[in-house]
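The values are calculated or read from the model by the stated rules, or taken from the named source; none is laboratory data. Predicted, not measured: the structure shown is a model, and the values here were computed from it. Note that we place each Cβ from the backbone using ideal geometry, even for glycine, and neighbour counts take in every protein chain shown. The accessibility values were calculated without ligands, DNA or RNA, using every heavy atom of the protein model including side chains. Shrake-Rupley method; radii C 1.70, N 1.55, O 1.52, S 1.80 Å.
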Amino acid sequence: VLSSSLPRLVREFVAQNNTSQIKHVIQILSQEFALSQHPHSRKGGLIGLAACSIALGKDSGLYLKELIEPVLTCFNDADSRLRYYACEALYNIVKVARGSVLPHFNVLFDGLSKLAADPDPNVKSGSELLDRLLKDIVTESNQFDLVGFIPLLRERIYSNNQYARQFIISWILVLESVPDINLLDYLPEILDGLFQILGDNSKEIRKMCEVALGEFLKEIKKNPSSVKFAEMANILVIHCQAADDLIQLTAMCWMREFIQLAGRVMLPYSSGILTAVLPCLSYDDRKKNIKEVANVCNQSLMKLVIPEDDEMDEAKQSMTLPAEPTSEESLSKPEAASSGESPLTCPPCEELDITALNRPLSFLCSSERIQVTLNLDGIVQVLDCHLHDMSIGMMTRIAVLKWLYHLYIKTPRKMFRHTDSLFPILLRTLSDESDEVILKDLEVLAEIASSPAGQTEGHGPSDGSDMRPGPVELHVPARAGQLSSGMKGLECSPSTPTMNSYFYKFMINLLKRFSSERKLLETRGAFIIRQLCLLLNAENIFHSMADILLREEDLKFASTMVHTLNTILLTSSELFQLRNQLKDLKTPESRNLFCCLYRSWCHNPVTTVSLCFLTQNYKHAYDLIQKFGDLEVTVDFLTEVDKLVQLIECPIFTYLRLQLLDVKNNPYLIKALYGLLMLLPQSSAFQLLSHRLQCVPNPELMQTADSTKPSASFKRASASNIDYTELLQHFEKVQNKHLEARHQRAGRAEQLDRRVVL
């Protein structure tokens, strides 16, 4: 009956334009058959609805809602044969109606997405036929309602079923291929779901998703002006941190293109981007591709920060870009899935475009008028967290320090608002195991200590101490008796030419660091100070450190530190200019520097003598050595004398050895050297110095016609206006303090031994 009488009856109603009768027939087929409780009736109803649609022909579009709804209901039937008949019926309905079914596309798509995961192979095969037909109709038509479809696509894209995912990706590929459908406008709605599908266990689905994402990226490169970069930035940030390598690499490649195409539009998302990118910089060769792309992202993002960012008033900026959400937003956490695929390449680019770093960053036409504010607080917070994380790799720490240095160069005024919070971790980083990290750390600290922005009112240290710089001219420090003892509360010296408000604070804290970490002083102390002398003014460094050590309460540390500074001064190539300045003491500045160094050098008797040798104050050196008889001569003391003898034989003291030829004008030099000889036991150093003094010529043989002229060394000394008597008294006072401190330590040690015995 259904196959013969029904079509004829429907065609008659169509010829009569009897709409009510047609609807009545469809209603009977739906309610009494297709939706019946009896399986055979449901089957007959489905066949009848399909036959009715065929009979209606082009007029079936007027009754599609009534025809489709009962068929879709049968998609959920428990009987797989009925589900198959439902697919067959809907196929015939859609085939007849063609483009007229598009207003009902969402319900059709919803039903098909469920059948795509059907366990019965026949049903699945039938749904695939219907799916292909529907795709052909959408491809041919220019009336597809993309706006109405996107919410459904956004919902279905988060399905965890592999077949449903495959179905979704196939439709996205189809819609991308249709010229009249601009899916790129709605990419922010589905991008997160696409990245989740990219982590599927099925290699085939992953490949399909890669292709889809690759096509989208090609479109983005072709039409960057129409891309909603800002709406997708945080989606990429989240997936750049995925555990799955393919997801992470793909997201990182997208991020690279976004930064280079969108330019400063990406700046508000810098903190999130850095959170994702920085850890990747320490990846090993197993993730080499991800590391390389992350490095390009990092450098490209750094180039977006410009000096103008320091001048913008953040409070007055009108931000038309979306605010940066946190990583805990409604985006679902990407699924991690293991994959046995071959080494990854960056989709869709097979090779990493390293030359992109040298290309000028393009700025979108649509964003040229958008005022973008640099979220410096967020960036600094991320950088600070990474520096505090002891588990991060060396390359990440170096990148963090490069960022800080770059920000201090480009935006110094704003960065100095964060200096007080950054300063402690920057000091702690000096204890890092890597020399490269320490070098970058010193560059940042040197920039903080020398930047003019450090003098800005309100950006100084927040501890309440007076950090205003001292006068430019060097002054001889006040006498020891007028100086407050200890380093507590010491933040500024009126006698030190600080480079800005943070310079003296840096010197104080660096010495505190050395005092608390003696191993750091022993292993890296000389390295750190030498590098600082290259980055900053060596005279300022030695002047300020000497000034601080003069107030140091830990006399043993002061002696060790003075010895370290003296060794650097006498042996480092970085200090060549400073040595020449001290050698002649021709200027008031050099003489004042000598006096400042001398007072601190008194913590170590032998270094004091070496300073006098360096500055050609031979008479005073001789006077000091005469005082050595009153000192406690220890093994350490003799070891330092031994080292001084070795230094005298080095190229630095070539001028001193040549002055031994002028016996008449340098008697105190010879006396001082003989004094050192008398202090030494019969050792290799004794033999070395003894052989040197044996080479001193007979003064009568060295007499010349002008030998009656006054000694140049005496003339220089007399013109220097240095109160050597006062300096000698200061030396005695400091040594008495050291003697008292040693006795106290010995007494405490003896008491401790007694307690142990008891």
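Here is how the numbers come out for the structure above:
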{"item": "Dipole magnitude (debye, nearest 20) for the range 1-143, charges at Cβ of Lys, Arg, Asp, Glu", "result": "240"}
{"item": "Gyration tensor (alpha-carbon) shape descriptor, the range 1-143, a/c threshold 1.5", "result": "oblate"}
{"item": "Principal axes of the range 376-454: Cα extent on each, largest first, Å", "result": "31, 24, 19"}
{"item": "Signed unit charges on C-beta, dipole axis of the range 376-454, positive-most listed residue 419, 398, 385", "result": "419"}
{"item": "Dimensions in Å of the range 99-193 - Rg and Dmax from alpha carbons", "result": "12.8, 37"}
{"item": "Probe 1.4 Å, protein heavy atoms only - accessible area per residue of the range 165-284 in square angstrom", "result": "27"}
{"item": "Lys, Arg +1 and Asp, Glu -1 on Cβ, resulting dipole of the range 376-454 about Cα centre, debye, nearest 20", "result": "380"}
{"item": "Whole-angstrom gap from the range 556-599 to the range 433-450, using each part's C-alpha centre", "result": "23"}
{"item": "Within the accessible area of the range 115-175 (1.4 Å probe), percent carbon and sulfur", "result": "47"}
{"item": "Per residue accessible area in Å² of the range 1-143, where ligands, DNA and RNA are left out and the probe is 1.4 Å", "result": "50"}
{"item": "Percent carbon-and-sulfur accessible area, the range 376-454, ignoring ligands, DNA and RNA, probe 1.4 Å", "result": "53"}
{"item": "Solvent exposure ordering (accessible area, 1.4 Å, most first) of 265, 14", "result": "14, 265"}
{"item": "Charge-dipole axis of the range 1-143 as Lys and Arg at +1 and Asp and Glu at -1 on Cβ define it, positive-most pick from 78, 115, 138", "result": "138"}
{"item": "Whole-number accessible area per residue in Å² for the range 376-454, which is evaluated in the context of all protein chains at 1.4 Å", "result": "36"}
{"item": "Inter-centroid distance (Cα atoms) of the range 50-84 relative to the range 600-653, Å", "result": "107"}
{"item": "Nearest-20 debye value, the range 562-608 charge dipole, Cβ charges on Lys, Arg, Asp, Glu", "result": "120"}
{"item": "Qualifying trypsin sites (Lys or Arg not before Pro) in the range 517-605, DSSP loop, other Cβ atoms within 10 Å at most 16", "result": "586"}
{"item": "Number of Lys pairs (Cα under 19 Å; 8 or more positions apart or on different chains) in the range 1-143", "result": "10"}
{"item": "Share of carbon and sulfur in the accessible heavy-atom surface of the range 216-276 [1.4 Å probe, %]", "result": "47"}
